[in-house]
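Asks: Got a structure for you, questions after.
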Amino acid sequence: MNSTPSLRRRQCVAVLAGAAFLSAPALVAAQTPITVKFSHVVAEKTPKGMGALKFKELAEKKLPGKVQVQVFPSSQLFGDAKEMEALLLGDVQLIAPSLSKFDRYTKKIQVFDLPFLFDDIGAVDSFQSSPAGQALLKSMTNRGLLGLAYWHNGMKQLSTNRDPLKRPEDVKGLKFRIQASDVLEAQFRALGANPQKMAFSEVYQALQTGVVDGQENTWSNIYSQKFHEVQKTIAETNHGVIDYMVVTNAKWWDGLPADVRKGLSEAMAEATTYANKLADDINQEDRKKIEAAGKAKIQTLGKDDVAAWRKSMEPVWKKFEGDIGRDLIDAALKANK
Ligand code: LMR
C-alpha cells in the first residue's frame, strides 16, 4: 500500500531520530575502551605471567583507546576452581589454564598428560603446531571455549618431603597434590601413591603442613611458589609437561568489532612467540636458583631410573587410549624427533 506524503515524512523523521538515537551509544562504544580481563594463577615472573603482560602491552599499543587489558596474576581474581565458569559467564575474557585442567570439556586434550609421551618441550611445540594440535584449539567451541594459542611452561619434575627420591618405589604410599586431571590421578595410582586434586593456590600450604607429601611441577612453578623450601628432594624426572591453552569465551570473541578482534589476534600471536621463547630460559634459571638456595636437593636420574619410572607409569596409556584416540597419540609421538 502506498503511504501518503505526510506519513512518509513522519516515517522519515522517525528514521532520522532513530539514527540519532542509535548513533549515541555507538559513539560511546567507540570511545569507551573494551575491557579485557586476563586472569591466571601463577606469579608474574613466570612464562605465563610474562606472556600475559606482553599481551597487554601489545594489545594496548595496537588498539590505542579501543582496548584496555587488565592482568590479574596469582589467582587474585579467579583460581583454578572458578576461572572456567567465570569465563563462560563473561566475568573474565582471557584465561590460560594448564592443559591438564580441560578434561571436563574434551577428553582428547588428555593426550598432553600421558606420562613420558614427549621427549622435551621441542616435541610438545611440534605437536601443538601440527594440524592435530591446532584442531584441539577449536575442540571446545561447542562448550563455549575458544582456544587462541598454546603457551609453554615446561617439563614436570617430581618433589617430595622425603629422601631418597630416585626410584618409583620411593613414592609408594605417599600423598601427592595433583591438578584436576583424571590422567594424573591414574599416573599416581599406578605408582602406588595417593593423589589429591587441589587448586594451585593451595599447594604451598598443603606441602608445608604435610596435608600432602609431594607434588609435580615445572622448575618455574616450584621456584616462584617456593615449593623447594618445603620439600626435601626434587627428582629431575621430566616425566610430563605443563603447558597452557589461552582460551576466551567464543561468543564474546565473535561479537567483538572486526578491527578489535584482528588487533587482539595479532597481539596474541606476538605474545605467544615471546612467551614461548622465554619459557625454557626461565625454567633453567629457576632450576639454578633452587640449587643455589640449597633447601631441596635436586636428584638427577640415570637412564635405568628413568626407564623404571616410565615402566611404572605405562598402564596409564592403556587406560586412556580409548578416550584420547590412538591417532592423536600417534600424532603426538611423531613429534619426538
Ligand atoms: C598447577 O596447577 O600446578 C599449574 O597448572 C599451575 C600453572 O598454571 O602453571
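Asks: Around residue 41, with a cut-off of 11 angstrom between Cβ atoms, what is the net charge of the other residues, counting Lys and Arg +1 and Asp and Glu -1?
Replies: For residues surrounding residue 41, the net value is 0.
Asks: Moving to a separate point now. Cut-off under 19 Å on the C-alpha distance; same-chain residues fewer than 8 positions from residue 319 excluded. Which aspartates and glutamates are left, in chain and number order?
Replies: 103, 113, 182, 185, 327, 330
Asks: Let me ask something else. Loop-only chymotrypsin sites (Phe, Trp or Tyr not before Pro) in region 235-337, please: DSSP not H, G, I, E or B, and at most 11 other Cβ atoms within 10 Å.
Replies: Passing both the DSSP loop test and the Cβ count: no residue.
Asks: How much of the DSSP bridge set in the chain is antiparallel, in percent, rounded to the nearest 5?
Replies: So the antiparallel bridges amount to about 55 percent of the total.
Asks: Just want to confirm a number: the relative contact order over region 33-334, from Cα pairs under 8 angstrom separated by 6+ residues, in percent.
Replies: 27
Asks: About its Cα centre, what dipole magnitude does the chain give when the only charges are +1 on Lys and Arg Cβ and -1 on Asp and Glu Cβ, stated in debye to the nearest 20?
Replies: For the chain, the charge dipole is close to 840 debye.
Asks: Can you pull the percent of region 33-334's accessible area that's carbon plus sulfur, 1.4 Å probe, other chains left in place?
Replies: Heavy-atom surface of region 33-334 belonging to carbon and sulfur, 1.4 Å probe: 50 percent.
Asks: Can you tell which of 272, 218, 106 shows the greatest fluctuation in a Gaussian network model of the chain with Cα springs below 10 Å?
Replies: 106
Asks: For region 33-334, with every protein chain kept in place, what is the accessible area per residue (1.4 Å probe, Å²)?
Replies: On a per-residue basis, 41 Å².
Asks: Give me the angle, in degrees from 0 to 90, between the Cα long axis of helix 47-62 and the longest principal axis of the Cα atoms of the chain, rounded to the nearest 10.
Replies: Between the helix axis and the principal axis of the chain, the angle is about 20 degrees.
Asks: Less than 19 Å apart at the alpha-carbon level, and either on another chain or at least 8 residues along: which lysines does that give for residue 297?
Replies: Result set, ordered by chain and number: 156, 166, 226, 232, 288, 289.
Asks: If you don't mind, another one. Thinking of the chain as a set of Cα atoms, what percent of all their pairs are more than 32 Å apart?
Replies: 35
The values are calculated or read from the model by the stated rules, or taken from the named source; none is laboratory data. Remember, predicted model here, so these are calculated numbers, not experimental data. Here Cβ is always computed from backbone atoms with ideal geometry, including for glycine, and neighbour counts include all displayed protein chains. Heavy atoms of the whole protein, side chains included, go into the accessibility calculation; ligands, DNA and RNA do not. Shrake-Rupley method; radii C 1.70, N 1.55, O 1.52, S 1.80 Å.
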